[in-house]
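Chemist: Below are the structure tokens for one structure; questions will follow.
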Amino acid sequence: MCGNNMSAPLPAIVPAARKATAAVIFLHGLGDTGHGWAEAFMGIRTPHVKYICPHAPTMPVSLNMRMSMPSWFDIYGLSPDADEDETGIKRASENIKALIDQEVKNGIPSHRIILGGFSQGGALSLYTALTTQQKLAGVVALSCWLPLRNSFPQASASSANKDMHVLQCHGDADPLVPFRFGSQTAEKLKSLLDPANITFKSYRGLPHSACPEWDCSRNTELLRVGRMRHFEKLSVWQ
């Protein structure tokens, strides 16, 4: 089973308060939609940044007894040695690259576009950033992993993003995407990119949740940290 954009509605968009000269494309997790993240981005809306939250197509997911739900690609299992939906991952990545291309046509340079996501969406954002020929401003990857990790570094040999900044965040109480997946992904990224540009932040007690009950503002804060601190050298926020 592989992803496609045929059944997905148009993205949820938070327009820039003034003229958009930069963009964030943020991908939701399995079973979710872009609407919740669009609402979160309203809280950190800035004058010149457009937030784009696309919706995954609906498809049967093997991990969930082939129940149909929004999913960027099929997931067969959560163990490190589980098979991966290579065709679906690559097709979904091409769809996101097409979205990046569209924003470039709209007048936003690719180097002023940040790609990000949560869980499955974060995984797809990492894979896309490492394989696109468009130079990006950076990646914000929350509670996720690097898909098709054994295909690297070959898959990124011609990547335009060898010097991009990556902010990766993961809760140490995550029962679905274990914390070690996140830390191992960070180490893998350091072998593919400039290690000085990889920031891995751990959060004590944070489960696999975009908005834990004990701190409903946490993920907004993660994105704020990425915007204001770890990407402070990038021109995307100017």
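Chemist: If you scan region 91-109, which residues turn out to be free of Cβ contacts under 8 Å to residues at least 12 places away in the same chain and among the basic types (Lys, Arg)?
Modeler: Lys105
Chemist: Let me ask another. How many residues, within region 110-139, are open to solvent by less than 10 Å² (accessible area, probe 1.4 Å), more than 11 Å from Trp72 (Cβ to Cβ) and either out of contact with any strand residue (DSSP E or B) (no Cβ under 6 Å at 6 or more places or on another chain) or in contact (Cβ under 8 Å) with a residue 40 or more places away in the chain (or both)?
Modeler: Of the residues in that region, 9 qualify.
Chemist: Looking at region 18-32 only, could you name the residues that are crowded, with 18+ Cβ neighbours inside 10 Å and within 15 Å of Gly122 (Cα to Cα)?
Modeler: Val24, Ile25, Phe26, Leu27, His28, Gly29, Leu30, Asp32
Chemist: Turning to a different aspect of this structure: Across region 174-188, what is the number of residues that are surrounded by 15 or more Cβ atoms within 10 Å (Cβ to Cβ) and part of a loop (DSSP other than H, G, I, E, B)?
Modeler: 3
Chemist: Just for region 46-85: of the residues that are of a type in the set (Val, Ile, Thr) and open to solvent by less than 30 Å² (accessible area, probe 1.4 Å), which one is modelled with the lowest pLDDT?
Modeler: Thr46
Chemist: What single numbered condition from (1) within 26 Å of Leu176 (Cβ to Cβ); (2) in contact with a Lys or Arg (Cβ under 9 Å, 6 or more places away or on another chain); (3) open to solvent by less than 50 Å² (accessible area, probe 1.4 Å); (4) not hydrophobic (A, V, I, L, M, F, W, C) fails to hold for Arg149?
Modeler: Exception for Arg149: condition (3).
Chemist: Yes or no: region 180-195 includes at least one residue that is under 17 Å from Ala123 (Cβ atoms), among the β-branched types (Val, Ile, Thr) and out of contact with any Phe, Trp or Tyr (no Cβ under 7 Å at 6 or more places or on another chain).
Modeler: no
Chemist: Then there's this: Go over the candidates Lys105, Lys90 one by one and state the one that is open to solvent by 60 Å² or more (accessible area, probe 1.4 Å) and farther than 25 Å from Asp32 by Cβ.
Modeler: Among Lys105, Lys90, only Lys105 is open to solvent by 60 Å² or more (accessible area, probe 1.4 Å) and farther than 25 Å from Asp32 by Cβ.
Chemist: Of the numbered conditions (1) farther than 20 Å from Phe181 by Cα; (2) at pLDDT 95 or above; (3) of a type in the set (A, V, I, L, M, F, W, C), Met42 fails exactly one; give the number of that condition.
Modeler: (2)
Chemist: Against the definition (within 24 Å of Pro11 (Cα to Cα) and either modelled with pLDDT of 90 or more or surrounded by fewer than 23 Cβ atoms within 10 Å (Cβ to Cβ) (or both)), how does Gln154 come out, yes or no?
Modeler: no
Chemist: Separate question: Can you tell me which residues in region 152-177 are touching a residue at least 12 places away in the same chain (Cβ under 8 Å) and over 21 Å from Ser110 (Cα atoms)?
Modeler: Phe152, Pro153, Cys169, His170, Gly171, Asp172, Ala173, Asp174, Pro175, Leu176, Val177
Chemist: Count, please, the residues in region 159-173 that happen to be open to solvent by 10 Å² or more (accessible area, probe 1.4 Å) and either over 19 Å from Pro80 (Cα atoms) or in contact with a Ser or Thr (Cβ under 6 Å, 6 or more places away or on another chain) (or both).
Modeler: Count: 6.
Let's see how each residue does on (1) outside any helix (DSSP H, G or I); (2) among the small types (Gly, Ala, Ser):
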{"residue": "Gly117", "(1), (2)": "yes, yes"}
{"residue": "Tyr127", "(1), (2)": "no, no"}
{"residue": "Leu130", "(1), (2)": "no, no"}
{"residue": "Lys135", "(1), (2)": "yes, no"}
{"residue": "Cys144", "(1), (2)": "yes, no"}
{"residue": "Ala155", "(1), (2)": "no, yes"}
{"residue": "Ser159", "(1), (2)": "yes, yes"}
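Chemist: Considering only region 4-16, state which residues are out of contact with any Leu (no Cβ under 8 Å at 6 or more places or on another chain) and modelled with pLDDT of 90 or more.
Modeler: Leu10, Ala12, Ile13, Val14, Pro15, Ala16
Chemist: Can you tell me which residue is modelled with the lowest pLDDT among those in region 189-220 that are of a type in the set (Gly, Ala, Ser) and assigned to a loop (DSSP other than H, G, I, E, B)?
Modeler: Step by step, filter region 189-220, then rank; the result is Ser217.
The values are calculated or read from the model by the stated rules, or taken from the named source; none is laboratory data. Since the model is a prediction, treat every value here as computed from it, not as a measurement. Note that each Cβ is placed from the backbone with ideal geometry, even for glycine, and that neighbours are counted across all protein chains shown. Protein only, heavy atoms only, side chains kept; ligands, DNA and RNA dropped before computing areas. Shrake-Rupley method; radii C 1.70, N 1.55, O 1.52, S 1.80 Å.
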